[in-house]
1. Sorting Leu61, Leu72 on the 10 Å Cβ count, fewest up front, what's the list?
2. Please list 31-42, 147-158 highest first by mean number of surrounding beta-carbon atoms within 10 Å per residue.
3. Lys and Arg at +1, Asp and Glu at -1: add these up for the other residues within a Cβ distance under 15 Å of Glu52 and post the number.
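Laboratory data are not the source of any read-out in this text; all were calculated from the coordinates shown. As the structure is a computational prediction, the values presented were derived from the model and not from experiment. Note that we place each Cβ from the backbone using ideal geometry, even for glycine, and neighbour counts take in every protein chain shown.
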Amino acid sequence: MKKLLTFLFSVFLLSSPSVFADDISDFEIEGISIGDSLLDYTTEDEIIEEIELNKYTYSHLNEPNNYAEVYLRKTSSTYDIFSVFVKNNSSSKYVTNKNEKYIVQSVSGKIRYDSDIDSCFQKKDEIEDELSKVFSNASKWETVFKSQIDPSGNSIIDAVYFEFDIGGRASVKCYNYDETFRIKNNLSDYLEVSVDSEEILSWFFDKS
């Protein structure tokens, strides 16, 4: 039976607190788990439309069309931005079984913290504390690194990762953009909570 994680403005564990996680697919964000078919949550027409809208976003990767990001624009009341990555079956006539189409490989929610990065860091710490209890068997590591999209090097990402022995990871991050860069590019500082399969992580890092 799945152990449910609901990431609201705070994090609540909906299963017994004596049960700890050792598999990333045991958890849900906004009701969606790694390994689900996205067709259980939206229509194929909506998925294909999103795939088309975002098809060039990951063109820098070695095999950019193997997976696709789908924004679920009407699903989340918790996050300002909510998206998943799925296996891209849109052009394959051979995949006909619903349960094998558009398999979710990553789930991510973002909350904007415009001009209030301290609140982002506070919420990140709260979520980190909860995840440390839930993912007690995972390897935890923290890092701060520069955002690749800001050439000035003044925008940073403060992140904590929980990695599983069997593959996959969960993470919580604060994106803290340099103010000049943020205003110029109409960006927002934000908190991101995500779960990612080993499969999608390999794709992310396979650059052409």
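1. On the way: Leu61 16, Leu72 21.
So the residues, fewest neighbours to most, are Leu61, Leu72.
2. Numbers: 31-42: 17.8, 147-158: 14.1.
Highest to lowest by the protection proxy: 31-42, 147-158.
3. Numbers: positive: Lys55, Arg73; negative: Glu44, Asp45, Glu46, Glu49, Glu50, Glu69.
Combined, the nearby Lys, Arg, Asp and Glu give -4.
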